[in-house]
1. Output the 0 to 90 degree angle, nearest 10, between the alpha-carbon long axis of helix B:158-172 and the longest principal axis computed from the alpha carbons of chain B.
2. How big is the Cα convex hull of chain C in projection, averaged over all directions, in nm²?
3. Shape of the stretch C:232-288 from its Cα gyration tensor (a ≥ b ≥ c, root eigenvalues): rounded if a/c is under 1.5, otherwise prolate when a/b > b/c, or oblate?
4. Which three numbers, in whole Å and largest first, are the semi-axes of the equivalent ellipsoid of chain B derived from its Cα gyration tensor as √(5λ)?
5. If R₀ is 22 angstrom, what is the calculated FRET efficiency for the pair residue C:316 and residue A:83, using the beta carbon separation as r and rounding to 0.05?
6. Can you put C:169, B:106 in order, fewest other beta carbons within 10 Å first?
7. Can you give the average number of partner chain beta-carbon atoms within 10 Å of each beta-carbon in peptide A:99-111, as a whole number?
8. Out of all DSSP beta bridges in the stretch C:170-307, what portion is antiparallel? Express it as a percent rounded to 5.
């Protein structure tokens, strides 16, 4: 990922900054210009809770080149208490144990490396609560 | 609006065509269509291609195609909507003729996927780059999540998923242009390599080279080119949330339903009138979700269709008689046009061993990404 | 008086046992366990590095302090495995923690001492009144070459300390540093693994500096070993800190809480700071604590600390070191370990 495109999304990726629509209250992540629910254009910043529940999941056994070292890895759609859904990897566990309904926390992790000499790209991944320290999810 | 007919079709064999370049794939399919109609001039060319720039480094393929067809000068443009590019090109060509802007339009789709590019990475560009691809998801991964959601909601089983692939291969074995000419049994699907749980290799459409082309003209002129034209009576396009995570129900394809509603309304028919359908089975789960969203079966009942034979040749509504994306092959930009060719042949009674008896209405449904775009066309025998 | 207002630690959940590493190289695991007193070590995941460890530890430090991150005026990260050779770790960590942009940020390197260095500078800035709050972090994903003695110890983890003047959990009573030029362990620019002088890392390096710093701070503070309930010394292995502590007059009882190396390994810049965090997880108000780091090259920083009445309630707001050492963890084979630590060459 070229660094300007990465840099632009830092608030969402590093701090899980989302936007709450003034019009309808929907929390939108990542933030957008226009609310997909009511077309409102005014948002107030809100931080997502760093926890959620798996809606659906898979284990990727054939990965893009940038993720070969991680393979196989679990990915899931995780819903936070703000009813925001994120597509994230699920780490620090046996990938096949990740199933819908599983409680997870969201932790700051290295997501990808741009080859041998490019930038390092960070963001959040999910960790099953059984593997996480519950204190960290607050 | 003028009524529009498809009067000729041309299609390369689908497969790993190492000797054939992107431009030659297009020319081979286009030439077959032009020759079938005895045509040596065109008003416009619409070519669907998802990722020629990434697969072979070539953008700007509208003029490339016109030039290599020996028709530099003709209006030509590319249409892109990921794997729905071919179907969207047909939509554009349909509007071009219906509006009266052009009288003779070639709609083609082409993709040269086997040319050294990392196909998994190229296809992943159809996902949301900021929220999906960034995190490392692939298309098998996205559809695997759709499959797992469907299993959670409706109790769909791995065996039911596998039955879709078995049916596709059985149909594809009857199609001389299909990438895979072999049948597979349930056991071999269910024990094939896991790609993205629960999807296995034999649930996935292959990486394919190929091109397909159809010739469109006003219905009133159709008999000049063929004695068996097929009328385009419905066209519906819709979009949905780009990212799978943003869909209310990951097990349901809203855009497919919406595009189908629009096409049915325009054609003034309902799903019960469809005699044959080609749907976007890029993965086995996609066929199950598509036939539900198209109304060919009830929501949640898609899983029973392949095992019961309902969607097989000889069944209530045969789906993907060509072998579908799964067995015929999936050269992404060409797929939408190839689907139309299968239905065109079915309605003309030219489908050989795959022929659906006395088909009058046929439907094609072509989808982009994990379902963010969908285009449905309804064709009628004249 | 300024002191620690919040702290947090993080230890990755993957482990590899000394036995598994020994088996790979045909060594006798019992001699490693006996000689180095190392049972197992933490292994950072492929998605973990000094930056992610610092963020995890820093989030708990802020949670325990309950301080608005915008009030943090300085952030320093000490590590010898900063993911970039050029580009700070601290900027990523600051953004992730919600600190800045009105903040002074720097990455420190001084072998295994960089963490206490960051803490010393953070404390000093608060002491001077130049900033209201300052955070010092020691974190590493330590490198140890295959089939080197370091491979049994080099691990991942770290701890973050937020310093301030109000609502202090741990008072800082005294500091002391002792530094000379001693080339016992080094890594040249562009090299992946550090090299070391074998037994030269012992007497003239580790023991000389740790003992000088500890004696120096005891003399300066007028305290004796028996005045402390806890002591932690840098932990390159299980044996060195015990030997240094004993020579200084500390008992095993004083050292056992902070001596987390036997199951955590040596987290380099994170070593003694993580040991200190384990102590703060259990210390009672009034308890005095000695921490002495060691960084090759070489030098030691020492701090005399004393827990306040606030510590017991505030520490509930973060994860304890023991919960991470003893909680859910995954044991890796040497093959998985080689993959996680990117010792496998890929073809693309």
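1. Orientation of helix B:158-172: about 30 degrees from the principal axis.
2. It is 16.4 nm².
3. oblate
4. Each semi-axis is the square root of five times an eigenvalue, giving 30, 23, 19 Å.
5. 0.15
6. Ascending Cβ contact count within 10 Å gives the list C:169, B:106.
7. The mean count of partner-chain Cβ atoms within 10 Å per residue comes to 4.
8. About 80 percent, rounded to the nearest 5.
We did not get these values from a lab; they are worked out from the coordinates using the rules stated. Because the structure is a prediction, the values reported are computed rather than measured. Reconstructed Cβ throughout: ideal geometry from the backbone, glycine too, with neighbour counts over all protein chains shown.
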